[in-house]
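Just below is one structure, and these are the notes that go with it.
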Amino acid sequence: MKLTRKEKSELIFEGFITVGLIYLLYLAVLIIFERFVYTSPDLVNNIWIFKNSFTIGERQVHSYKLIFVTLLVIVAMIVLFWRLKRRYKQMQLRHVISELHYIAEGHYDHRIPFELSGDMNKVIDSIHVLVDSTVSAMEEERKIEQSKDELITNVSHDIRTPLTSIIGYLGLIEDKQYQSQEELLKYTHTAYIKAKQMKILVEDLFEYTKVRQHTTPLNLTQFDMVKLLEQLAADFELDAKKKNMVIEVIQPDSEIMMEADTEKIVRVFNNLISNALKYGVGGKKITIEAQKVGKEVIISVSNDGPEIPEASLNQLFDRFYRVEESRSQETGGTGLGLAIAQSIVALHGGYIYAKSDKELTRFVLHLPLKQVQNSETK
Ligand code: ATP
Ligand code: MG
């Protein structure tokens with residue numbers, strides 16, 4: 001730490017004052033002692049007897065005096081050192097406080113630029129750690145705020161689009177701008193479809209916000225994952241047939257008993273399989289494979305069809321993200337399915353990722369066989 005000119009002169013002044021005070025103190029003690037000795041003849045006698053009995057000569061008296069004076073000088077130096085050190089520490093503290101004021105004024109990337117010794121340095125280190133964690137908490141807060149704004153923008157957009165159609169078609173009916181009963185039915189049907197779309201969006205959003213919370217309770221049950229996957233494949237068989245696709249479940253040798261919230265897990269696979277049907281355009285086959293590895297089950301849902309570009313792979317699980325820019329009516333999802341799936345898998349202590357090449361697009365899930373029981377998951 002660099003002292004300012006004023007501080008240096010303060011220290012020198014403190015030194016002079018201390019030396020002066022010690023000198024005055026010694027002088028006062030000496031005068032009092034001399035007065036005391038000369039006003040008590042008994043004491044002078046005793047000193048004389050003491051000197052004689054120990055045969056203390058003038059030379060010895062001289063060396064005792066020397067030792068005594070040296071001791072006094074040492075004591076004076078210790079006091080001087082202690083006073084100067086104390087003052088120096090006060091100055092250090094002043095510097096630290098002014099640096100803290102500077103940081104508190106909003107210069108959060110500023111760091112106290114000097115190193116001090118001992119505990120003071122520990123205090124500075126702790127201050128730096130505190131500032132860092134405060135800054136990262138603020139950054140986190142800002143990101144959450146930003147992501148909430150994005151959520152509101154996306155939701156408003158996704159609700160406004162079908163709502164505009166609904167109002168448009170209902171407006172036509174209200175103004176009797178239809179030629180026939182058939183046209184009227186067409187308008188009401190479109191409004192109905194759009195209203196259903198909105199309902200799905202609202203439900204998905206509700207589900208998304210629910211599973212995003214780490215405290216969401218899981219309704220855990222024991223079940224055989226192989227059976228569940230077979231059931232799911234059977235449920236989608238008809239949809240697959242319509243698209244000239246087949247769903248195949250590759251079974252392991254034995255059952256895979258595991259513990260999870262089946263309703264939520266089914267939601268994950270519903271989305272993965274319906275995605276494979278929706279986006280695996282031109283593909284022929286959807287393959288679901290499950291295997292037990294150690295304490296987890298690894299399940300993959302793959303489909304042949306168009307490749308997902310490398311750049312999109314990481315964003316697939318972001319809410320509202322859809323690979324194709326246009327939110328086409330035909331495949332028109334909300335872009336929440338994979339975000340919900342990821343949150344559900346995370347709630348179970350697992351993870352999910354996607355891989356894609358020219359031949360296959362594959363979603364891989366890792367789920368623990370058993371759930372760790374705690375107060376948050378029951
Ligand atoms: P939602 O599931 O909410 O109805 P969505 O299907 O559009 O809507 P996600 O399931 O999150 O949303 O999928 C996000 C995007 O990832 C999709 O829009 C699609 O572009 C891409 N995608 C997902 N699965 C596949 C797949 N098997 N093959 C190719 N693209 C896929
Ligand atoms: Mg989907």
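The values are calculated or read from the model by the stated rules, or taken from the named source; none is laboratory data. What you see is a predicted model; the values in this text were computed from it and never measured. Don't worry about glycine lacking a Cβ; one is built from the backbone with ideal geometry, like all the others, and counts go over all protein chains shown. Remember, those area values only see protein heavy atoms, side chains included, never the ligands or the DNA or RNA. Shrake-Rupley method; radii C 1.70, N 1.55, O 1.52, S 1.80 Å.
Some points to look at:
- Under the combined filter of DSSP loop state and at most 15 neighbouring Cβ atoms within 10 Å, the stretch 122-204 retains these trypsin sites (Lys or Arg not before Pro): 176.
- Taking Lys and Arg as +1 and Asp and Glu as -1, the other residues whose beta-carbon sits under 15 Å from that of residue 112 total -3.
- Across the options 256, 69, 22, the greatest Cα extent toward the positive end of the charge dipole of the chain (unit charges at beta carbon of Lys, Arg, Asp, Glu) belongs to 69.
- Applying Stokes-Einstein at 4 °C and 1.567 mPa s to the Kirkwood radius of the chain, computed over alpha-carbon pairs, gives a translational diffusion coefficient of 44 µm² s⁻¹.
- Whole-number accessible area per residue in Å² for the chain, which is evaluated in the context of all protein chains at 1.4 Å: 67 Å²
- Under the combined filter of DSSP loop state and at most 11 neighbouring Cβ atoms within 10 Å, the stretch 1-98 retains these chymotrypsin sites (Phe, Trp or Tyr not before Pro): 54.
- Between 0 and 90°, nearest 10: helix 5-38 axis offset from the chain longest Cα axis: 40 degrees
- Heavy-atom surface analysis with a 1.4 Å probe gives the chain a carbon and sulfur content of 60 percent of its accessible area.
- Residues considered: 147, 117, 136. Largest GNM mean-square fluctuation over the chain, using C-alpha springs under 10 Å, is found at 117.
- Just checking the listed ones, 283, 15, 171: in the Gaussian network model of the chain with Cα springs under 10 Å, the one fluctuating most is 15.
- When only alpha carbons are used to place a centre, the stretch 72-137 and the stretch 250-276 end up 59 Å from one another.
- With 32 Å as the limit, the listed pairs 176/242; 194/241; 194/242; 210/355; 194/370; 143/285 have 176/242; 194/370; 143/285 beyond it between alpha carbons.
- Residue 80 sits among other residues whose Cβ lies under 14 Å from its own Cβ, and their net charge, with Lys and Arg +1 and Asp and Glu -1, is +3.
- For the stretch 1-45, the residues whose backbone nitrogen is under 16 Å from a point 7 Å from the Cα of residue 101, taken along Cα to Cβ, are 4, 7.
- Charge dipole of the chain (Cα centre as origin; +1 on each Lys and Arg Cβ, -1 on each Asp and Glu Cβ, all else neutral): 1860 debye, rounded to the nearest 20.
- By the helix-only formula, in which each DSSP H run with n ≥ 4 contributes -39500 (n - 2.57) and the sum is divided by residues, the chain has a 222 nm mean residue ellipticity of -22000 deg cm²/dmol.
- Axis angle, to the nearest 10 degrees, between helix 41-53 and the longest C-alpha principal axis of the chain: 90 degrees.
- Loop-resident sites, the stretch 61-146, for GluC sites (Glu not before Pro), counting at most 11 other Cβ within 10 Å (DSSP): 105, 115
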